[in-house]
1. Taking every pair of alpha-carbon atoms in segment 2-125, what share in percent sits in each 10 Å bin, from 0 to the bin with the longest distance?
2. With +1 on each Lys and Arg Cβ and -1 on each Asp and Glu Cβ, how big is the dipole of segment 1-123 about its Cα centre, in debye rounded to the nearest 20?
3. Please rank 97, 114, fewest neighbouring Cβ atoms within 10 Å first, as an exposure proxy.
4. Can you work out the FRET efficiency for the pair residue 2 and residue 100, with r the C-beta to C-beta distance and R0 = 35 Å, to the nearest 0.05?
5. Taking neighbour counts of Cβ atoms within 10 Å as a proxy for exposure, in what order, fewest first, do 18, 93, 60 appear?
6. Evaluate the distance, in nm, between pseudo-label points positioned 7 Å from the Cα of residue 31 and of residue 129 along their respective Cα→Cβ axes.
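Every number here is computed from the coordinates shown, using simple stated rules; none is lab data. Fair warning: this is a prediction, and the values are worked out from it, not measured in the lab. Cβ: placed from backbone, ideal geometry, glycine included. Neighbour counts: every protein chain shown.
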Amino acid sequence: MASTTVRSVLSVLAGWASVGALVVATDGLLMAVFPDRYVAGRLPPDSLAAISLATSTIWSVAGGWVTARLAPFKPWHHILGLILWGELLGFVSTAFTWGQTQLWYQVGLLILWTPAVCLGGWLRAGKPSFRAA
């Protein structure tokens with residue numbers, strides 16, 4: 001029982017961590033490729049924020065897939081856990097980074113997270129089924 005619970009929690013955290021690692025790596029790459037476009041104290045240009053939003057959405061699909069793949073049972077329950085965890089942290093992050101990037105970018109991340117994670121889960125686990133076992 002305990003090992004199943006641990007695996008359940010780890011499957012959600014692994015999906016979340018994979019998204020985080022990929023987003024940080026992509027943002028670092030964008031900063032390296034466009035160093036003159038990222039200026040301390042200024043918003044990044046809309047074009048680079050849009051690229052970051054698009055890639056973050058793709059990485060969110062990957063996170064949903066990872067969670068579904070690692071879930072020890074009922075992958076859609078774990079995907080729901082990832083969605084809730086990601087939205088909670090997304091709202092906290094938005095509150096702490098308010099004004100440091102475009103509002104549309106922050107709102108876009110919050111809106112696109114759920115369908116992207118669901119797509120990743122669907123790619124791995126197929127149609128959701130929440131029937132009682």
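1. Reading upward from the zero bin: 14, 42, 29, 12, 3, 0.
2. Value, rounded to 20: 300 debye.
3. Ascending number of Cβ neighbours within 10 Å: 97, 114.
4. 0.30
5. Sorted ascending by nearby Cβ count, the order is 93, 18, 60.
6. Rounded to a tenth, the inter-label distance reads 4.6 nm.
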